[in-house]
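So the structure is just underneath, and the comments pick up after that.
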Amino acid sequence: MKQTLGNMYVKNKRIILRCDFNVPIVNGNVLDETKLLKSLKTINYLLQEQCKIIIISHLGRIKNEEDKIKNTLEPVKNTLERLLNRPIKFAKDILSEETKNMALSLLPGEILLLENTRFLDIPEPKESKLDENIAKHIASLGEIFVMDAFASAHRAHTSVVGIAAYLPSCIGFLVEDEINMLDGTIKNPETPFTVIMGGAKVNDKLAIIKSLLPKCDHLLLSGGIANSFLYALGLPVGESLKTENPDTLNELKKLMLEYKNKFAFPLDAIVETTYNHKPNVRNINQIETNDVIKDIGIKTIAKYSAIINNSKTIFINGTVGVYEETAFKNGSVEIYEALKKCSGKVILGGGDTISALNILGYKNDFKYISSGGGATLEYIAKGSLPGIDAISDGDNIEILDL
């Protein structure tokens, strides 16, 4: 196990805390506070220990100077001040001498939030590509590095993996909770173990599907992923999102042959046509040329709900339909209702799943919600992540001359 915050002496220390505050912001307002709320356990512990806290995070993608305007972390600072009920200092230039002086002069219990680390990607990608000089500079601001950005841990970026090379390091409570949840459930699930996999592109989730098939009892498919498997079987899916890559289709065929008793496919679908947006119900073997599949139908809901009801462990990633559109949200609502009612342990993967929970009003109905999207899937598939691998295994670490 990696060094954990609870086992590390941090009292009065200057802490560099890597969070994931990559949140939706519109008109200067944070629309979804989930990631900020999940970070409070670690932040409040550090405040209790009278630490001087320097928080770093990325936000969005920075390709030009205009991107900086809409991706500043100032709205996050304002929201975090409200959640913590205390003032937070803000540094607009990560590499400036002024920022270094602000960090080094922090008093116990004070917090400094640095501007978006991806501002360092202009004019060259010094954050998105591991830059040792930048990592060393940021490390010089603190005494201990705490990695608490699980949702970013799959990226070998400067602020994720670089800083730990120059400071004693540990994982924060959010990351520790995520690892314990995924290790304890996905690696050794109570059976029957059911996986519900939705989403657009099968290639994005093929690795996770291959890693889970040997472990699960049922794999329930929906969305573009289901369309691709159905297309590989030779069934018509109209103009629905699917892969047409011959190599991928052959791989899907092999998986279905090897694990044929584990796959569950939609029996019916709610579609619209390319020329008419009115919803129609189709049996899955009667999809027409101009149909676009956008949700699962009532037969599929009944089939999937029955499997869910008899499962002891359920892992869901992605959504079963285009839940953002009223006409095509019913499948997602009914599956969430089935998950609420079942007696098994339900784990929801991040990304689109969290967005759907928030939009459809289910965010408070489930205990085990992973904060990671791609990070969750990669951890399940590989059992490790670059941002976690970089953390110290124990107390002893050689601190390089900064």
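We did not get these values from a lab; they are worked out from the coordinates using the rules stated. In this text, all values refer to a predicted model and were calculated from it rather than measured experimentally. Cβ: placed from backbone, ideal geometry, glycine included. Neighbour counts: every protein chain shown.
Which angle between 0 and 90 degrees, to the nearest 10, do you get for helix 298-309 versus the longest principal axis of the chain when only C-alpha atoms count?
60
Could you pull out every one of the lysines with an alpha carbon less than 19 Å from that of LYS63, ignoring same-chain neighbours closer than 8 positions?
Reachable lysines: LYS92, LYS126, LYS129.
Between beta-carbons, use under 9 Å as the cut-off and find the net charge around SER39, counting Lys and Arg +1, Asp and Glu -1.
Net charge in that neighbourhood comes out at +1.
Let me check against my output: what whole-number percent is the relative contact order of the range 231-351, with C-alpha pairs under 8 Å and at least 6 apart?
24
Highest mean first, how do 326-334, 294-302 rank when packing is the count of other Cβ atoms within 10 Å averaged over residues?
Highest-to-lowest ranking by the protection proxy: 294-302, 326-334.
Quote the Stokes-Einstein diffusion coefficient, in whole µm² s⁻¹, for the chain, based on the Kirkwood radius over alpha carbon pairs, a temperature of 20 °C and a viscosity of 1.002 mPa s.
Rounded, D is 95 µm²/s.
Percent relative contact order of the chain, based on C-alpha pairs within less than 8 angstrom and at least six residues apart?
17
Return one number: the angle in degrees, 0 to 90 and rounded to the nearest 10, between the long axis of the Cα atoms of helix 246-258 and the longest principal axis of the Cα atoms of the chain.
Helix 246-258 sits roughly 70 degrees off the main axis of the chain.
Against the longest alpha carbon principal axis of the chain, how many degrees, from 0 to 90 and to the nearest 10, is the axis of helix 223-232 turned?
50
Just how many % of Cα pairs in the range 1-129 lie over 25 Å apart, if you round to the nearest whole percent?
Of all Cα-Cα pairs in the range 1-129, 26 percent lie more than 25 Å apart.
So, in Å, what gap is there between the alpha-carbon centers of the range 283-321 and the range 345-392?
With the range 283-321 and the range 345-392 each reduced to a Cα centre, they are spaced 21 Å.
Given LYS205/LYS242; LYS253/LYS299; LYS52/LYS100; LYS262/LYS312; LYS201/LYS254, which pairs have Cα atoms separated by over 20 Å?
LYS253/LYS299
A 30 angstrom limit on the alpha carbon distance is what I want to check against. Which of LYS294/LYS341; LYS38/LYS294; LYS303/LYS367 exceed it?
With Cα atoms farther than 30 Å apart: LYS38/LYS294.
If I build a Gaussian network model for the chain, linking alpha-carbon pairs within less than 10 angstrom, which residue out of CYS51, CYS19, CYS170 has the largest mean-square fluctuation?
CYS51
Identify which of HIS218, HIS277, HIS137 has the largest mean-square fluctuation in a Gaussian network model of the chain, with springs joining Cα atoms closer than 10 Å.
Between HIS218, HIS277, HIS137, it is HIS277 that shows the largest mean-square fluctuation.
Cα to Cα, under 16 Å, and not fewer than 8 places away if on the same chain: which aspartates and glutamates meet these conditions relative to LYS35?
Within the straight-line cut-off, LYS35 pairs with ASP20, GLU74, GLU81, ASP148, GLU176, ASP177, GLU178, ASP352.
Picking from VAL26, VAL202, VAL160, which is most flexible by a Gaussian network model of the chain using Cα springs under 10 Å?
Answer for the Gaussian network model of the chain: VAL26.
What list of ³J(HN,Hα) couplings, whole Hz, do you get for the range 338-346 from phi and the Karplus terms 6.51, -1.76, 1.60, once you set θ to phi - 60° and write x for glycine and proline?
5, 5, 4, 7, 6, 8, x, 7, 10
If you average the sequence gap of Cα pairs under 8 Å that are 6 or more apart and divide by the length of the range 51-117, what percent do you get for the contact order?
Reported relative contact order: 53 percent.
Provide the convex hull volume over Cα atoms per residue for the range 167-241, in Å³.
Enclosed volume per residue, from the Cα hull, is 128 Å³.
When the helix-only estimate is applied to the chain (DSSP H runs of n ≥ 4, each -39,500 (n - 2.57), divided by the residue count), what is the mean residue ellipticity at 222 nm, nearest 500 deg cm²/dmol?
Estimated from H runs of four or more residues: -10000 deg cm²/dmol.
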